[in-house]
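Have a look at the structure below, then the notes.
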Amino acid sequence: MLRLEPRLQPSRPMRLITPVLAVLLTMLFGGLLFAALGVDPVEAIKLIFWDPFFHPTYGAYSMSQLLVKAGPLILIAVGLSIGFRAGVWNIGAEGQFIMGAISGGAVGLALYPAAGIWVLPLMTVAAALGGFLWAMIPALLKIKFNANEILVSLMLVYVAENFLAAMVTGPLQNPQGFGFPESRSFTGVDSTTLPMLYQPLGMHAGVVVAFIVVIAAYVMMERHLLGFQIKLTGESPRAAKFAGVKPAVIVAITLGISGALAGMAGLFELTGPAGKLTTNFPVGYGFTAIIVAFLGRLNPFGIVLAGILMALTYIGGELTQLTLGMPAAAISVFQGMMLFFLLAVDVFVNYRLVWKKEVK
Amino acid sequence: MKFTTTLAAAAALALGLGGAAVAQVKAGFVYVGPVGDLGWTYQHDQGRLAVEEAFGDKVETTYVESVPEGADAARVMTQMALGGADIIFATSFGYMDQVQEVAAKFPNVKFEHATGYKRNTDNVSTYSARFYEGRYVIGTIAGRMTETNKIGYIASFPIPEVVRGINSAYLAAKRVNPDVEFKIVWVYTWFDPGKEADAANALIEQGVDVIMQHTDSPAAMTIAEEKGIYAFGQASDMKEFGPNARLTSIIDDWNPYYIQRVQAVMDGTWTSTDTWDGIGAGMVGIGEFSDKIPADVQAEAQGIVDAIAAGTLHPFTGPINKQDGSVWLADGEVADDGTLAGLNFYVEGIDSELPQ
Amino acid sequence: MDFSSLSLVALTVSLIGAATPILLAAIGELVVEKSGVLNLGVEGMMIIGAIAGFAISVETGSVWTGMLAAMAAGAVLALIFGFLTQVLLSNQVATGLALTLFGLGLAALLGQNYTGMKPPPSPRLDIPVLSDLPVVGPLLFGHDFMIYFSLLIVFAVWYFLNRTRAGLVLRAVGENHDAAHSLGYNVVAIRMAAIAFGGALAGLGGAYLSLIRVPQWTEGMTAGAGWIALAIVVFASWKPGRVILGAYLFGGVTILQLNLQALGISISPAFLSMTPYLVTIIVLVIMSADRRRASLNAPASLGRIFHASH
């Protein structure tokens, strides 16, 4: 019978082949789905994967939006991946994203309408702090009381969502907004607007920060003692203890980093693409980033590619709606399929398929 | 070849500034929910289909559904504009800033923003419906039909649009039935069938026998049918959900407006406007009256519909006091649109606190 | 303030209705987690159940068939998750999230032709004389059949986990899969069964929503109920009986705040809606802090990947 056998070393060729294989499988099954819906499958697949780059009318603009969409995913996912490597499962990035946006946004609103280039950095610091502190709740509860961080951080997402609702109908509500549950616009004032650095690629300051973080994370994980300790804790908690690594410190550091980065992502989204706080402000970046982190195999550079791939399916998916009249639901099925395939074929990196006679 | 088309395009652009006629109009629609929500988005999509029906080959429509408010909306509208849309209908209040942003980048594309109030550039129009006129009609019917004198109101968010509706319905009900009492439940969502159903049940437990709603799903209608009380269709007719419960409905009818605006683009006569139409212009439709409503009440309600349509009756005509007893409108005074647009208080008599 | 019109009996009856979908999904997820698997795709399985149950009921005219179809659909979706996580060893958190995305999309696609339809009426268990008794009548005998069924399921799960050998094995797999494996138990098969069971109950919970509580089909109608079910499992500290308490408490908070509003009492819904989650965290902390009561804690292998190396 067929069996999976662990490889001694993760397979390098498989690392490269599997994502391609997954995307091909997705194209095949997604194509069948589209055909079943009466949409030309070839055209649809081309719109999703090819046209966001090369379409004569949409290409240039779509490309400029890829990084805008991928930026927050990458920033959050890199932070999460550090924790995941240590076996610390923060799945509440959505909550930290919201709390970051609220804290940073509150600072901006308190200073409103102050001008000055120091406003945005101050807001960013406040946002990072907000996300950090929100992530410290599961960290401290885990360290002090051994409470499962997956569940605590998930619960805190709902608390944050409700807190946001209370804020935008309360203290942070726009006094000139006719009672609508939303804050003042941040992009209406220069000092609280995220600068766009290179329009054709959608490089706003937040994307640049995301890329800096990617490199910093890589350096930390591969070249720094802390990175080594984090990985050791994840792979063998016992060995880490013998090596003098304090698990509590690792929990606090990894959750803190991911919280701070998610908080910053929240602020960049707020002061850039979103523009203001509303109850609809969170659109699930914190959850999608978890998937992105795994698709990128918890490697910072892999995460960049995974983030862009996710963004591609969103943007390409819209193009299929626009030009082929595909229902939005078909796109989310397609995305779900792609994730399944990517997660499924990943097994061949660390395992290989062997034919074995049943031995008893 | 390419050179000549570029020239032609340039020429067309030059003409476009003068508001030239367009032979084939491409219209894009951005929806906040799925077209199958049977409420808000569904009705806008009916409007899109009406445009297709009216113009046939001369129009091409596209839509993108479930577009979150914020960055995603800006991207979708930009792609529509790039794709050659002549006119884009952005059908959610939350798209407001994105509409301004994208409209500034595409001066030759017309933007129509539903329920918004910003028109930063002259290629943006805003439009909304005076739903409160419809609520005055159903308020009258509710006031006549209730036996317990308790009317339930499922409200979404405490924004002027919703507050206006509550006040209007209350004034109407109170006028025909001085003993009437309103029970208001805020669910803080536009769409959550489970919660809307729970809210309906909570109201029924408080002795309510007529339910109005300002949320999008037909859940409350379904519950009303099950419990044998009355309700009103909201956004769409909802008759199929409550054949016995439904008294009438307030229908968002965007069809005439959409057809008229696309026509304007076709003729080159489109200009930036702020439209706030009601029953008279057909933007607010009143569904067929159920035969559960006695003939005299039907006649009374129809009279109100006609009077509002003719402009002889305005739901907010004084004397009306605010909830705290202070005077809002003196005898015979009619509320101006500015005050109505930002309405943030209840009228006198509503026994409940407006969440702030 | 007049509370006299706030009927506790009626309140209880409607909170039970509000709680039942999440109760069903939560008790299913409890079994899954007891076997050491964390499936975050509850929302996706619920919504698939909601549409499958609705569509099949409409097509066949039978609510029963619809309920069965909902369970089957939930289980099939769960088995995709099971295959990925148990056979192909993918990460459970990521796979569960993908399952939710997939389920929501698929349900919307399948449901395109079912919006605006009415399902056949569901049978009620109004026992003629008994349900007319004051207080006790509506409280005990005035519900739809699914409510009794959901309580029965909870009892069955409790009995299975604590009183049967198979339940013991399932818990052993969740506590220490390597040990269970070396004792000769087929960890993967046991977990697959648990996952399918969890999917079936989540699907049933969804069908309760679309066939009984609301009854209609609309896209996205579960509106986050699956996530609440996940919270309840934690709140219940993985004990079946407490799942009832948790679900009814959650249902109760929702219903109570709506009813208080209907009474004319204004409260901040945002802060009130936060409380169940905060309470869940506090419960979790209290249980986790007391190491002597370790048996109450999360299954030790929860979320960990198992691969039999020999």
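The values are calculated or read from the model by the stated rules, or taken from the named source; none is laboratory data. Predicted model, so just to flag it, every value in this text is computed and none were measured. Positions of Cβ are generated from backbone atoms using ideal geometry, with glycine treated the same way; all protein chains shown enter the neighbour counts.
When B:VAL59, B:VAL30 are checked against the criterion of being modelled with pLDDT of 90 or more, under 20 Å from B:PRO256 (Cα atoms) and touching an Asp or Glu at 6+ places or on another chain (Cβ under 7 Å), a single residue qualifies: B:VAL59. Tally up the residues in segment A:96-146 that are at pLDDT 90 or above and among the hydroxyl-bearing types (Ser, Thr, Tyr), please. Of the residues in that region, 2 qualify. Return a yes/no flag: does segment B:207-223 have any residue that is within 20 Å of the chain's Cα centre (by Cα) and within 20 Å of B:GLU348 (Cα to Cα). So far as segment B:207-223 goes, yes, one or more of its residues are within 20 Å of the chain's Cα centre (by Cα) and within 20 Å of B:GLU348 (Cα to Cα). Of the helices (runs of 4 or more DSSP H) lying entirely inside segment A:195-274, those containing at least 2 residues that are closer than 14 Å to A:SER81 by Cα and in contact (Cβ under 8 Å) with a residue 60 or more places away in the chain are A:205-223, A:225-235, A:247-269. Note on segment A:275-288: among residues that are more than 10 Å from every other protein chain (Cβ to nearest Cβ) and outside any loop (DSSP other than H, G, I, E, B), the one that is surrounded by the fewest Cβ atoms within 10 Å (Cβ to Cβ) is A:TYR285. Those helices (runs of 4 or more DSSP H) of segment B:102-213 in which 2 or more residues are closer than 17 Å to B:VAL284 by Cβ occupy B:131-145, B:160-176.
Residues that are in contact with a Phe, Trp or Tyr (Cβ under 8 Å, 6 or more places away or on another chain) and not in a helix (DSSP H, G or I): does segment A:347-357 have at least one? Looking through segment A:347-357, none of the residues is in contact with a Phe, Trp or Tyr (Cβ under 8 Å, 6 or more places away or on another chain) and not in a helix (DSSP H, G or I).
Please work out if B:LYS174 is over 23 Å from B:ALA335 (Cα atoms) and among the basic types (Lys, Arg). In short, no.
Yes or no, residue by residue, for (1) in a loop (DSSP other than H, G, I, E, B); (2) more than 21 Å from A:PRO273 (Cβ to Cβ):
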residue	(1), (2)
A:VAL88	yes, yes
A:ILE102	no, no
A:VAL107	no, no
A:ALA128	no, no
A:PHE132	no, yes
A:LEU141	no, yes
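For segment A:55-79, a residue qualifies if it is away from chain B (no Cβ under 14 Å) and of a type in the set (A, V, I, L, M, F, W, C), and the qualifying residues are A:ILE74, A:LEU75, A:ILE76, A:ALA77, A:VAL78.
This table checks each residue for (1) at pLDDT 95 or above; (2) under 30 Å from C:HIS307 (Cα atoms); (3) out of contact with any helix residue (DSSP H, G or I) (no Cβ under 6 Å at 6 or more places or on another chain).
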site: C:VAL76; (1), (2), (3): yes, yes, yes
site: C:GLN92; (1), (2), (3): no, yes, no
site: C:THR100; (1), (2), (3): no, yes, no
site: C:GLY103; (1), (2), (3): no, yes, no
site: C:LEU106; (1), (2), (3): no, no, no
site: C:GLY111; (1), (2), (3): no, no, no
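The listed residues are B:ALA202, B:ALA197, and the only one of them that is within 10 Å of another protein chain (Cβ to nearest Cβ) and without any contact (Cβ under 8 Å) to a residue 24 or more places away in the chain turns out to be B:ALA202. Of all residues in segment C:240-290, those being more than 7 Å from chain A (Cβ to nearest Cβ) and either in a helix (DSSP H, G or I) or modelled with pLDDT of 80 or more (or both) number 33.
Just one of the listed residues (A:LEU141, A:LEU154) is in contact (Cβ under 8 Å) with a residue 60 or more places away in the chain and within 8 Å of another protein chain (Cβ to nearest Cβ), and it is A:LEU154. Here is the figure for segment B:177-194: residues that are within 12 Å of chain C (Cβ to nearest Cβ) and among the polar types (S, T, N, Q) total 1.
Residues being on the phi < 0 side of the Ramachandran plot, within 14 Å of chain B (Cβ to nearest Cβ), touching a Gly at 6+ places or on another chain (Cβ under 7 Å) and not acidic (Asp, Glu) are entirely absent from segment A:290-299. Regarding segment B:42-60, can at least one residue be identified that is within 14 Å of chain A (Cβ to nearest Cβ) and in a loop (DSSP other than H, G, I, E, B)? No: segment B:42-60 contains no residue that is within 14 Å of chain A (Cβ to nearest Cβ) and in a loop (DSSP other than H, G, I, E, B).
Screening the candidates C:VAL9, C:VAL76 for the property of being more than 26 Å from A:GLU94 (Cα to Cα), surrounded by fewer than 23 Cβ atoms within 10 Å (Cβ to Cβ), at the interface with another protein chain (Cβ under 10 Å from one of its Cβ atoms) and in contact (Cβ under 8 Å) with a residue 12 or more places away in the chain yields one hit, C:VAL9. Within segment B:62-79, being modelled with pLDDT of 90 or more and within 22 Å of B:ASP253 (Cα to Cα) holds for B:THR62, B:TYR63, B:VAL64. Which of the residues belonging to segment C:81-98 are facing chain A (nearest Cβ under 7 Å) and either touching a residue at least 60 places away in the same chain (Cβ under 8 Å) or assigned to a helix (DSSP H, G or I) (or both)? Passing the criteria: C:LEU84, C:LEU89, C:ASN91, C:VAL93, C:ALA94, C:THR95, C:LEU97, C:ALA98.
For segment C:190-235, the tally of residues that are buried (at least 24 other Cβ atoms within 10 Å of the Cβ), part of a loop (DSSP other than H, G, I, E, B) and not β-branched (Val, Ile, Thr) stands at 5.
Restricting segment B:141-165 to residues that are more than 13 Å from every other protein chain (Cβ to nearest Cβ) and surrounded by 24 or more Cβ atoms within 10 Å (Cβ to Cβ), which is nearest to the chain's Cα centre (by Cα)? Selected residue: B:GLY165. Of all the criteria given as (1) over 30 Å from A:ASN90 (Cβ atoms); (2) at pLDDT 85 or above; (3) within 14 Å of chain A (Cβ to nearest Cβ); (4) surrounded by 14 or more Cβ atoms within 10 Å (Cβ to Cβ), the one not satisfied by C:ILE153 is (3). Taking the criterion of being over 22 Å from the mean Cα position of the chain (by Cα) and surrounded by fewer than 24 Cβ atoms within 10 Å (Cβ to Cβ), the residues of segment B:230-248 that qualify are B:PRO243, B:ASN244. The set of residues from segment B:23-32 being buried (at least 24 other Cβ atoms within 10 Å of the Cβ) and either assigned to a loop (DSSP other than H, G, I, E, B) or within 14 Å of chain C (Cβ to nearest Cβ) (or both) comprises B:TYR31, B:VAL32.
Residue selection: A:ALA262 satisfies the criterion of being out of contact with any strand residue (DSSP E or B) (no Cβ under 6 Å at 6 or more places or on another chain) and buried (at least 24 other Cβ atoms within 10 Å of the Cβ).
Of the listed requirements (1) within 14 Å of chain A (Cβ to nearest Cβ); (2) polar (S, T, N, Q); (3) surrounded by fewer than 24 Cβ atoms within 10 Å (Cβ to Cβ), C:ASN39 misses just one: (3).
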